[in-house]
């Protein structure tokens with residue numbers, strides 16, 4: 001990858017990232033992630049607040065936490081099953097870390113007397129409060145860095161830690177000006193898409209993190225939402241253009257629809273009539289139609305769909321109406 005030339009993220013397979021081999025690529029593909037752009041658009045579904053460092057004595061069962069403690073004891077047990085048990089302490093109490101699945105060298109990582117930072121979820125165990133498979137790191141110079149960590153949609157074989165690492169490496173490629181995500185919007189009128197992507201994956205710890213989730217009010221979230229709407233519209237227009245070259249059946253007979261309309265216990269509204277005429281005109285041609293009829297609950301969308309379906313039935317073709325409620329189905 002040239003250092004002076006940006007490459008579009010959509011053209012790079014996720015295997016471009018160091019450490020992503022055939023097996024991991026296959027696992028990521030289950031999440032719809034095949035390119036680096038797919039990875040960058042794999043947005044968080046929540047965040048873990050690691051901005052407050054607690055004392056061990058302040059912990060209660062079933063809560064997320066971040067603590068720092070000195071490793072007091074490391075032991076490997078085989079009853080009732082093989083596990084690594086690490087005991088840490090601060091000046092208020094002690095906490096046990098349990099690891100049921102671990103690589104052989106993990107025991108050597110935890111050295112007695114070392115200060116570590118641990119984050120996870122607490123529970124009440126045999127010896128007191130404990131946490132299972134927490135995230136951890138060695139603390140240097142007694143430093144605590146407040147963090148907001150993203151939680152992602154996952155699949156078997158991918159952890160939050162692994163997903164964060166992969167996305168972080170993709171973001172570093174953006175920051176190093178090696179790759180970019182194609183921006184569909186004019187640069188002068190909207191905030192930068194690449195910066196917005198970075199901000200959603202790693203919000204400012206001082207900000208309201210809820211604003212970075214779907215529907216949030218942050219500038220970054222709004223910018224990405226706008227990009228997604230434009231991309232969907234372009235895709236729709238592309239499909240519609242392709243459909244123009246296809247030929248389907250034309251349904252021009254409306255006798256049955258008129259008969260149904262004549263026995264309805266109510267009159268169609270002007271909006272219903274307008275929608276029906278517009279859709280009827282479309283299905284009277286041999287060009288395939290994609291149509292979304294939008295309206296409030298109770299506005300009469302179903303009867304419009306039923307009248308249009310009558311055109312198809314009259315021509316002895318198949319048509320399906322899927323009703324979301326029993327009332328509509330009846």
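Worth pointing out:
- Residues that are assigned to a loop (DSSP other than H, G, I, E, B) and in contact with a strand residue (DSSP E or B) (Cβ under 9 Å, 6 or more places away or on another chain) within the stretch 117-142 comprise 126, 127, 133, 134, 139, 140, 142, listed in sequence order.
- Taking (1) at pLDDT 90 or above; (2) surrounded by 13 or more Cβ atoms within 10 Å (Cβ to Cβ) in turn, residue 243 satisfies each apart from (1).
Okay, residues lined up against (1) crowded, with 16+ Cβ neighbours inside 10 Å; (2) under 30 Å from residue 245 (Cβ atoms):
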position	(1), (2)
269	no, no
278	no, yes
285	no, yes
298	no, no
304	yes, yes
307	yes, yes
320	no, yes
326	no, no
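- Any hit, the stretch 94-116, residues being over 26 Å from the mean Cα position of the chain (by Cα), part of a loop (DSSP other than H, G, I, E, B) and surrounded by 18 or more Cβ atoms within 10 Å (Cβ to Cβ): yes
- Test: residue in the stretch 64-76 that is more than 34 Å from the chain's Cα centre (by Cα) and without any contact (Cβ under 8 Å) to a residue 24 or more places away in the chain: yes
- Any chance residue 23 is assigned by TED's automatic domain parsing to the domain that holds residue 209, farther than 30 Å from residue 227 by Cβ, surrounded by fewer than 18 Cβ atoms within 10 Å (Cβ to Cβ) and out of contact with any strand residue (DSSP E or B) (no Cβ under 6 Å at 6 or more places or on another chain): yes
- Check on residue 41, crowded, with 17+ Cβ neighbours inside 10 Å, at pLDDT 90 or above and out of contact with any strand residue (DSSP E or B) (no Cβ under 7 Å at 6 or more places or on another chain): yes
- Residues in the stretch 147-188 that are surrounded by 18 or more Cβ atoms within 10 Å (Cβ to Cβ), modelled with pLDDT under 95 and assigned to a loop (DSSP other than H, G, I, E, B): 158, 181.
- Meets criteria (within 30 Å of residue 153 (Cα to Cα) and surrounded by 13 or more Cβ atoms within 10 Å (Cβ to Cβ)) for residue 54: yes
- When residues of the stretch 1-20 are limited to those that are surrounded by 12 or more Cβ atoms within 10 Å (Cβ to Cβ) and over 20 Å from residue 155 (Cβ atoms), the one modelled with the lowest pLDDT: 6
- Criterion: on the phi > 0 side of the Ramachandran plot and not assigned by TED's automatic domain parsing to the domain that holds residue 292 - qualifying residue of 215, 225: 215
- Test: residue 91 is at positive phi and part of a loop (DSSP other than H, G, I, E, B): no
- Residue 59 in contact (Cβ under 8 Å) with a residue 60 or more places away in the chain, surrounded by 14 or more Cβ atoms within 10 Å (Cβ to Cβ) and either touching a helix residue (DSSP H, G or I) at 6+ places or on another chain (Cβ under 7 Å) or not assigned by TED's automatic domain parsing to the domain that holds residue 125 (or both): no
- Filtered residue count, the stretch 1-42, keeping only those that are without any contact (Cβ under 8 Å) to a residue 24 or more places away in the chain, farther than 20 Å from residue 176 by Cβ and in a loop (DSSP other than H, G, I, E, B): 4
The values are calculated or read from the model by the stated rules, or taken from the named source; none is laboratory data. Just so it is clear, the structure is predicted and the values come from calculations on it, not from any experiment. In this analysis, Cβ positions are derived from the backbone assuming ideal geometry, glycine residues included, and neighbour counts consider all displayed protein chains.
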